[in-house]
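Only one structure is covered here, and it is reproduced in the block below.
The values are calculated or read from the model by the stated rules, or taken from the named source; none is laboratory data. Predicted model, so just to flag it, every value in this text is computed and none were measured. Every residue, glycine as well, gets a Cβ built from its backbone with ideal geometry; the counts of neighbours run over all protein chains shown. These accessible areas exclude ligands, DNA and RNA; they are computed on the full protein's heavy atoms, side chains included. Shrake-Rupley method; radii C 1.70, N 1.55, O 1.52, S 1.80 Å.
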Amino acid sequence: MVVELFRPSVQHVLDLVGIFVFAISGALLAVRKNFDVFGMAVLAEVTALGGGLFRDLVIGAVPPAAFTDLASFVTPFVATALVFFLHPQVERIQAGVYVFDAAGLGLFCVTGTTKAYEYGLGLTASAALGTATAVGGGVLRDVLANEVPSLLRWDRDLYAVPAIAGAATTALCVRFGAFGALTGTLAALFAFLLRLFAMRYHWRAPRAWHRRSEATEEA
Amino acid sequence: MVVELFRPSVQHVLDLVGIFVFAISGALLAVRKNFDVFGMAVLAEVTALGGGLFRDLVIGAVPPAAFTDLASFVTPFVATALVFFLHPQVERIQAGVYVFDAAGLGLFCVTGTTKAYEYGLGLTASAALGTATAVGGGVLRDVLANEVPSLLRWDRDLYAVPAIAGAATTALCVRFGAFGALTGTLAALFAFLLRLFAMRYHWRAPRAWHRRSEATEEA
Amino acid sequence: MVVELFRPSVQHVLDLVGIFVFAISGALLAVRKNFDVFGMAVLAEVTALGGGLFRDLVIGAVPPAAFTDLASFVTPFVATALVFFLHPQVERIQAGVYVFDAAGLGLFCVTGTTKAYEYGLGLTASAALGTATAVGGGVLRDVLANEVPSLLRWDRDLYAVPAIAGAATTALCVRFGAFGALTGTLAALFAFLLRLFAMRYHWRAPRAWHRRSEATEEA
């Protein structure tokens with residue numbers, strides 16, 4: 001480890017929280033797409049573990065954590081069961097889910113970056129892979145559900161930027177030997193808050209320069 | 001090997017049969033989607049070898065069997081040629097294809113589980129990866145064809161459940177030291193028959209609890 | 001290395017050219033799909049590096065070149081910036097982009113085949129993986145953009161065949177000990193020209209035998 005971000009047990013609990021909220025978002029999309037309960041479980045697993053699985057395959061950490069940590073594997077099923085029985089209630093607290101999802105995003109972009117760095121990647125590559133860890137599960141979720149990944153769409157609030165910001169901050173801290181529990185937490189918090197503000201004020205990224213006029217009609 | 005499920009040569013022939021029938025299902029979908037002959041070959045290869053490729057990447061068995069066993073690689077082309085020239089006849093024996101596909105499902109969920117276990121995964125993870133081996137190719141096929149994976153859809157007969165049942169039975173046998181040619185065959189047969197019954201009696205999995213009424217209208 | 005196709009620096013520049021033009025095609029599709037600037041960057045990265053990433057994961061060359069070579073990683077961002085500001089002009093020189101894309105295809109199918117062979121794959125598997133290296137990025141691009149991969153569609157000019165031809169020629173040269181800078185260049189040139197001719201004369205691959213009549217109406 002570059003540094004233990006938190007005590008291992010605390011770290012593990014935070015990871016599971018991130019996995020849980022990502023799984024909720026997968027299961028909810030499955031309900032909206034009218035999938036059956038197995039479709040819900042598959043989408044929950046893929047959303048929660050897909051980003052980390054991709055990271056582990058890229059850095060050669062096989063078998064990936066998704067297949068070695070039983071708690072990581074079981075948590076999405078708990079989320080699936082919850083959505084299965086209570087999905088109208090879960091939908092109603094959608095805002096709450098988004099807050100947790102933002103927390104997962106913040107946490108995963110930091111831990112993804114440090115894990116990639118530990119496995120010998122350069123700082124830029126580590127930040128890129130940390131970003132991919134944070135947003136990868138959501139992209140796989142949308143691809144499996146046969147939707148345009150919301151990460152790519154211009155009519156969605158910023159999602160990649162907070163992850164990039166958190167991952168880049170982490171990489172900078174590592175670069176200047178300042179990475180620790182405090183700065184790691186601050187980087188995660190930075191990404192988390194950026195995402196919350198993006199949702200609150202509907203921050204969006206621009207499309208290609210000359211696209212603007214036409215796009216308004218099309219959209 | 002945990003145990004040789006069958007004599008290696010028998011095992012290899014069975015694997016190729018599974019690969020062949022999965023490839024047929026890929027090539028048939030390509031015809032329905034109006035793809036050209038190369039699209040048929042790509043979809044046949046992906047359907048037949050995708051699940052095993054994913055398994056091998058996850059357990060770190062590189063290069064994957066899909067790229068080291070020439071017969072595995074060539075078999076989907078034979079299936080493509082067959083569908084290319086005879087697809088109306090193949091469509092007519094669709095029921096037969098489904099039976100073979102069920103056989104492939106049964107075989108792959110067992111061999112996928114044991115291979116994952118040999119590479120040091122836990123029993124739960126092995127069963128999960130065995131299931132992914134059996135159903136993964138079909139999911140990749142549907143994603144490439146830009147369709148909602150039939151694995152996830154509620155209006156399709158159970159497909160994941162037989163694979164899960166076969167993989168779990170295999171894992172239980174391994175756990176209690178009872179895995180061998182006989183119990184392995186029985187586990188594969190169990191998954192195979194479960195899938196046949198699911199198709200015969202249109203067994204389906206439920207959707208989310210409160211979704212039922214609305215979904216009927218939507219579907 | 002089987003052989004240095006060119007001096008390493010020349011090879012690297014050629015690789016970057018291939019990466020650049022593939023990235024352009026990704027960014028252009030993102031503009032057409034109305035994605036924002038981050039969607040453009042993601043699609044540019046995936047198109048440019050996806051094929052090589054898949055190859056490196058399959059042969060176990062981790063971390064993949066995509067994450068270790070900074071220039072490979074940065075180049076797609078340059079392409080994204082270019083398309084962002086100048087996409088009408090880039091669209092206008094679409095024909096030029098296609099020529100570069102064909103050059104990337106020719107180069108990648110040769111280097112993909114030799115890299116796979118160096119990592120111990122058989123000749124057939126090396127050629128298959130070389131083909132996958134050349135066409136894989138485009139397939140990932142289309143899957144992420146939620147489109148039917150143009151590789152699979154019958155109404156597109158031949159794309160797989162030139163890659164297969166280049167990869168197979170490379171494998172044959174290696175087989176007969178005739179692979180070198182000259183023959184490697186010729187193999188890449190062969191694939192490149194085949195693709196140019198396919199575009200110029202709209203060469204297409206046939207669909208399934210009895211599909212023809214119906215398909216005309218459907219298309």
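Brief remarks follow.
- Chain pair B, A: total accessible area buried, heavy atoms, 1.4 Å probe, Å²: 2500 Å²
- Amide hydrogen neighbours beyond the local backbone of residue C:35, cut-off 5 Å, H modeled: none
- Charge sum, other residues only, whose C-beta stays under 12 Å from residue A:112's C-beta, Lys/Arg counted +1 and Asp/Glu -1: -1
- Our note on the geometry: Cα centres of region B:34-82 and region A:28-103, 28 Å apart.
- Contact residues in region A:132-168 (at least 50 Å² less accessible area with all protein chains than alone, 1.4 Å probe): A:143, A:144, A:146, A:148, A:152.
- Shortest-first distances to equivalent copies, position residue A:180, nm, label 7 Å out along Cβ: 6.1, 6.1
- Here residue A:96 yields copy-to-copy label distances, from shortest upward, of 5.7, 5.7 nm, the label point defined as 7 Å from Cα along Cα to C-beta.
- Since only C:171, C:71, C:132 are under comparison, the one whose Cα sits farthest along the positive direction of the charge dipole of chain C, derived from C-beta charges on Lys, Arg, Asp and Glu, is C:171.
- Electrostatic dipole magnitude of chain B [Cβ: Lys, Arg +1; Asp, Glu -1; Cα centre; debye, to 20]: 440 debye
- Peptide B:198-208 shows a mean partner chain C-beta count of 4 within 10 Å per residue C-beta.
- Subtracting the Cα-Cα distance of residue B:81 and residue B:118 from their residue separation scaled by 0.36 nm leaves 9.8 nm.
- Ranking of C:202, C:87 by solvent-accessible surface, largest first: C:202, C:87 (1.4 Å probe, protein heavy atoms only, all chains present).
- Membrane-span-like helices in chain A (whole DSSP H runs, Cα extent of at least 20 Å along the helix axis, mean Kyte-Doolittle hydropathy of at least 1.0): A:8-32, A:37-59, A:70-92, A:123-144, A:160-175, A:181-200.
- The residue list B:151, C:62, B:209 was ranked by how far each Cα lies along the charge dipole of the protein assembly as shown toward its positive end, using unit charges on Cβ atoms, and B:209 comes out on top.
- Contact order for region C:118-174, expressed relative to its length and based on alpha carbon pairs under 8 Å spaced 6+ residues apart, stands at 46 percent.
- In plain terms, chain B is cut at each of the GluC sites (Glu not before Pro) found in a DSSP loop with at most 16 other Cβ atoms within 10 Å, and the longest leftover piece is B:5-146.
- Taking 1.306 mPa s as the viscosity and 10 °C as the temperature, the Stokes-Einstein diffusion coefficient of the protein assembly as shown based on its alpha-carbon Kirkwood radius rounds to 62 µm²/s.
- Kirkwood estimate for chain C, i.e. one over the average of 1/r between Cα atoms, Å: 17.6 Å
- Residue-span extension gain [residue C:209 to residue C:185] - 0.36 nm each, minus C-alpha spacing: 5.0 nm
- Residue pairs, from the table B:33/B:115; A:115/B:115; B:115/C:115; A:33/C:115, whose Cα atoms sit over 31 Å apart: B:33/B:115; A:33/C:115
- Taking the protein heavy atoms of the protein assembly as shown in the context of the full set of protein chains, the accessible area attributed to carbon and sulfur is 68 percent at 1.4 Å.
- Summing Lys and Arg as +1 and Asp and Glu as -1 over all other residues whose Cβ lies under 15 Å from the Cβ of residue C:168 gives a net charge of +2.
- Distances in nm from residue C:8 to the matching label points in the other copies, shortest first (labels 7 Å along Cα to Cβ): 3.9, 3.9
- For the protein assembly as shown, the solvent-accessible area of protein heavy atoms averages 41 Å² per residue (probe radius 1.4 Å; ligands and nucleic acids excluded).
- For residue B:146 and residue A:175, the FRET efficiency from 1/(1 + (r/R0)^6), where r spans their Cβ atoms and R0 equals 60 Å, is about 0.90.
- For C:23-36, mean number of other protein chain Cβ atoms within 10 Å: 4
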